[in-house]
Amino acid sequence: MEEALEGYLRSGMLPHMWCAGCGNGIVLHCLIRALHELELPREKLAVVAGIGCAGRAAGYLNLDTLHATHGRALTFATGVKLANPDLTVVVLMGDGDATAIGGNHLIHAARRDLDLTAVVFNNSIYGMTGGQHSPLTPQGSISTTAPEGSNQRPFDLPHLARGAGAGFVARATTYHHRLLTRLIENGIRHRGFALVEAVTYCPTAFGRHNKMGSPVEGLRWQRDHFVDIEKYMGLPEKDRIGKEPMGLFYPAPEPEWPD
Amino acid sequence: MAGRAAPWPAAVCGYTGGGEGPVGGALVRVDEKRCKGCGICVGLCPRRVFVPDERGKVRVGRPEECVACGLCDSLCPDLAITVEPRGKGRKEAPAGAAAV
C-alpha cells in the first residue's frame, strides 16, 4: 500500500482478520484511496460500520469510527449526521447487514435522503457465521443453508436503493478497483444518500461451496461477468445472460433501466 | 528494464524483512507480517514478478520484470504490497493523517 495512505490505517491492528484472498481488504484499500483523493480533514470524517466481516473494516481505519449493532449502522450514522451535520459520514455494511438485518433501515435511510454514503460489501453470503444464504446470494448458488442451490431470487440492490429514493447508486467489483474508488469518491461528494455496492469475493464461505476456485479465479470471474452499464444496456437480450451491469446506475447516463 | 536492474540483495530476497529490492521501474516490497499468501499477486501480475514461498507467503522473485503497473498494490487484499515507481511525485496525506 502506498506510503501516503498508510496513515489511514491502524497499523497495529494488521494483519487483518479476513481470510486469505478476501476481497474486503481491496474495498478497504479503495475506500482509503477515495478518502485520500477527497482531501477531507480527518476531524470531519466519521465511519460507521455494522456487524459481520465487512463491519470489521472500521476497526482498521485510523479515523473516528463506530462499530454499531447488526443492521443498525445506518441508524447510528443518521444520529451522527444529525448531531453534527458538518461531518462526512461513510457507512460500511455487508450484504446481509444492509439488506436483511438492516433492510428496513436501508430503505428508510434512502427515502430520507440524508447525506450519508453507504458502501455495501457484497460477498453474496454470510461469511462470518459460516456461509448461510443471504438476500444477495445469486439464484442457484450453494450455501450451507441451501445445499441444493438457492431457489430464491436475490435483491437487485441498486434498483432497490433507487426505488427507495437514493440519489446516487453505483456498483463496482473489487477487480475493477479504479472504478470502485472513483464511485466511492463521487458517492461521498454527492449531497444526499449515496449507495455504492462493492462486489467482493468470499473464497472461504462462497467460493468453496460453489467451486469457484481460488481468490484469483474469483477476481477473474468478476472481470468476465461484470460489464459497464452503458455497454450492458446496448447488449441484445441473449447476450445479457450471465452478465451483470456495473458503473453509475443513477444519476444514469442512460434514461432507461436494464431489464 | 532488465538492464537497469540492480543486484538483488539475498537477505531481502530471502525475505527476512518482507521483500525489497531496487528494480527496473519500481521498488516492490511485500510486508511479510501482513501477507497471507492468497496468491492474487502471483496469479494476476502481468510480469510474473511474484513467486509463492515455501512458508505459504509470497516473495518478490523476479523484481527486474516489474513495470510498476501497480496492479498488485491495488488488488492485494492484505494491503501488504508497496510499489514505488521511480522518479514520480507522490501525493501527501492530509495533515494529521500520518499520526497513529
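Read-outs throughout are calculated quantities, based only on the coordinates presented, and are distinct from any laboratory measurement. Worth saying up front: this structure is predicted, and the values here are computed from it rather than measured. As a convention, Cβ positions derive from the backbone with ideal geometry for all residues, glycine included, and neighbour counts pool all protein chains shown.
First obtain the Kirkwood hydrodynamic radius of region A:14-250 from its Cα pairs, then insert it into the Stokes-Einstein equation at 37 °C and 0.692 mPa s, and state the resulting D in µm² per second as a whole number. Answer from the Stokes-Einstein relation: 187 µm²/s.
Across the options B:Ala26, A:Ala83, A:Met212, the greatest Cα extent toward the positive end of the charge dipole of the protein assembly as shown (unit charges at beta carbon of Lys, Arg, Asp, Glu) belongs to B:Ala26.
Using R0 = 51 Å, the C-beta based FRET efficiency linking A:Leu66 and A:Lys238 works out to 0.65. Taking GluC sites (Glu not before Pro) as exposed when their DSSP state is a loop state and no more than 13 other Cβ atoms lie within 10 Å, the longest site-free interval of chain A runs over A:40-147. Please find, in a Gaussian network model of chain A (springs between Cα atoms separated by less than 10 Å), the residue of A:Lys231, A:Lys81, A:Lys44 whose mean-square fluctuation is greatest. Largest GNM mean-square fluctuation: A:Lys231. A straight line joining the Cα centroids of region A:173-240 and region A:22-48 runs 18 Å. Neighbour counting of Cβ atoms within 10 Å sorts the residues A:Met212, A:Met1, A:Met17, fewest neighbours leading, into A:Met17, A:Met212, A:Met1.
Counting Cβ atoms of other protein chains within 10 Å of each Cβ in B:68-78 and taking the mean gives 6. For the residues A:Ala57, A:Ala164, A:Ala172, a GNM of chain A with alpha-carbon springs under 10 Å puts the largest fluctuation on A:Ala164. Once the mean of 1/r is taken over each pair of separate Cα atoms and inverted, region A:16-155 shows a Kirkwood hydrodynamic radius of 15.5 Å. Residues whose amide H falls under 5 Å from that of A:Glu197, counting only those 5 or more places apart or on a different chain, are A:Val120, A:Ala170, A:Arg171, A:Ala172, with hydrogens built in the peptide plane.
Global size of region A:157-259: 14.3, 41 Å for Rg and Dmax (C-alpha atoms, Rg to one decimal, Dmax whole).
By other beta-carbon atoms within 10 Å, ranking B:Asp31, A:Asp115 with the fewest at the front produces A:Asp115, B:Asp31.
Between beta-carbons, use under 11 Å as the cut-off and find the net charge around A:Glu185, counting Lys and Arg +1, Asp and Glu -1. Combined, the nearby Lys, Arg, Asp and Glu give +2. The length gained on full extension between A:Leu82 and A:Met13, counted as 0.36 nm times the residue separation minus their Cα-Cα distance, comes to 21.8 nm.
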